Each structure stands twice: as C-alpha cells, then as structure tokens.
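A short worksheet on the structure shown next.
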Amino acid sequence: MCRINIFDMKKFPFYILLFVMALCAVPACSDDDTSTLNEAYKDWREKNADWLKEQQARTNPDGTPYFKSIIPDWDPSAYVLIHYFNDRAETEGNLTPLYTSTVDTRYHLSYYEGTAIDSSSLMTTNGPGIFRTQLTSVIPGWVIAMEDMRVGDTAEVLVPYQQGYGTSTTSGILPYSALKFNVRLVDIVDYEKNPK
C-alpha cells in the first residue's frame with residue numbers, strides 16, 4: 001500500500017517555486033559573468049578592435065587595399081582579412097579546399113601586437129612543420145581563409161575574435177583576441193571527406 005504524506009504534498013508547491021527561482025537565477029549569473037569578462041578585458045578588446053580597423057584601412061604604396069576582406073557565403077556577418085605573399089597567378093588552377101577537406105599547412109600564430117601564440121614548426125607527425133587538420137575541426141576564421149586559398153599559397157590572415165576563439169578563456173588564448181596567422185597551404189590530403 002502506498003501512503004502519501006500530506007505534509008510533504010503541502011511543501012510540493014514550495015519546491016516548485018524554489019526550482020523556478022533557481023532557473024531564473026542562472027541567466028543572471030551568466031550575464032554577470034559576461035559583464036565581468038567584458039570589463040576585465042575591455043582595454044584588450046578595444047586594442048584588438050582598433051588594430052583590426054587599422055589593418056582594414058591599410059593600403060599598398062599604389063593606394064590599393066593591402067588586405068582583401070573574405071566574406072563566406074555561408075555567413076555574411078563573418079569575415080577575415082587576407083594578404084597573399086605569393087603571385088596568385090602561379091597557383092591559378094591549383095585546388096582550393098572544401099569545408100570537408102583535410103589540409104596540410106605550415107603556420108605561425110600571434111596576437112595583434114606580435115606576441116607568438118603557436119606554430120607548426122615543431123610538428124613532425126605528418127612531415128617537418130606540417131599541421132594536418134580537417135577543416136570541420138578548426139575555428140571559423142581558418143575555414144574562411146582556407147576556402148579562398150589554393151595549394152601553394154602563402155598568406156597573412158587576420159581573424160576577428162568572433163571567427164576565432166570568441167570570448168572563451170578555455171583555449172589558452174585570451175578572450176576577444178584578433179589573431180594573426182602567417183600560413184602556407186601545402187597540400188590537400190583528402191579533398192572531400194564525409195563529415196562524421
């Protein structure tokens with residue numbers, strides 16, 4: 001026989017109210033955390049944004065833009081800035097990766113002011129200095145750049161924080177960081193691969 005304790009049933013609405021109040025408090029905590037993060041990195045965020053604007057306005061001696069803005073069809077609000085170091089006529093006809101491609105690259109990554117963050121120079125698994133990755137597993141800014149590059153291209157790629165690591169503090173990269181890559185697309189190992 002199942003007995004219902006009336007005393008416990010009277011507390012049931014109280015427990016529901018307590019649960020609802022706890023749920024309402026969660027977004028407030030998140031907003032406070034975001035606000036605290038915004039304030040803690042305010043100067044850094046502003047310096048990164050100002051630098052990126054300066055680079056967008058940068059010109060070659062002949063007055064043409066130094067960087068080309070790449071906006072992907074799949075997200076018109078996203079972009080990266082790219083400057084090719086090689087003569088692109090020499091890579092005309094070479095393959096360009098797809099979103100599902102696996103690529104071999106060499107790269108150096110730094111913050112906007114030049115502090116080194118990462119490099120493929122010590123990687124040896126896939127060849128000296130080669131970083132092999134499927135584009136589905138990297139930051140959006142890397143994908144945007146790779147989808148414009150051809151095998152053999154070498155470029156400087158500037159990635160706004162929104163297409164980089166965002167406001168995350170878990171990647172080891174400071175939140176709100178604009179990223180500067182010097183990258184060479186060495187090869188496309190798997191041109192098209194079914195995403196898992």
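The values are calculated or read from the model by the stated rules, or taken from the named source; none is laboratory data. Everything numeric in this text was worked out from a predicted model, so none of it was measured. As a convention, Cβ positions derive from the backbone with ideal geometry for all residues, glycine included, and neighbour counts pool all protein chains shown.
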Verdict on Ile82 being modelled with pLDDT of 95 or more, β-branched (Val, Ile, Thr) and in a strand (DSSP E or B): yes
Total residues in the stretch 85-106, condition part of a strand (DSSP E or B) and under 20 Å from Leu52 (Cα atoms): 0
Residues located in the stretch 107-155, provided they are small (Gly, Ala, Ser), farther than 17 Å from Leu52 by Cα and buried (at least 19 other Cβ atoms within 10 Å of the Cβ): Ser120
Positions within the stretch 156-196 being surrounded by 17 or more Cβ atoms within 10 Å (Cβ to Cβ) and without any contact (Cβ under 8 Å) to a residue 12 or more places away in the chain, in sequence order: none
Matching option when the condition is free of Cβ contacts under 8 Å to residues at least 60 places away in the same chain, part of a loop (DSSP other than H, G, I, E, B) and within 20 Å of Pro160 (Cβ to Cβ), among Pro72, Pro61, Pro76, Pro128: Pro76
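Matching residues to (1) assigned by TED's automatic domain parsing to the domain that holds Lys53; (2) among the β-branched types (Val, Ile, Thr); (3) touching a Phe, Trp or Tyr at 6+ places or on another chain (Cβ under 7 Å):
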{"site": "Leu135", "(1), (2), (3)": "yes, no, yes"}
{"site": "Ile139", "(1), (2), (3)": "yes, yes, yes"}
{"site": "Val143", "(1), (2), (3)": "yes, yes, yes"}
{"site": "Met146", "(1), (2), (3)": "yes, no, no"}
{"site": "Met149", "(1), (2), (3)": "yes, no, no"}
{"site": "Gln162", "(1), (2), (3)": "yes, no, no"}
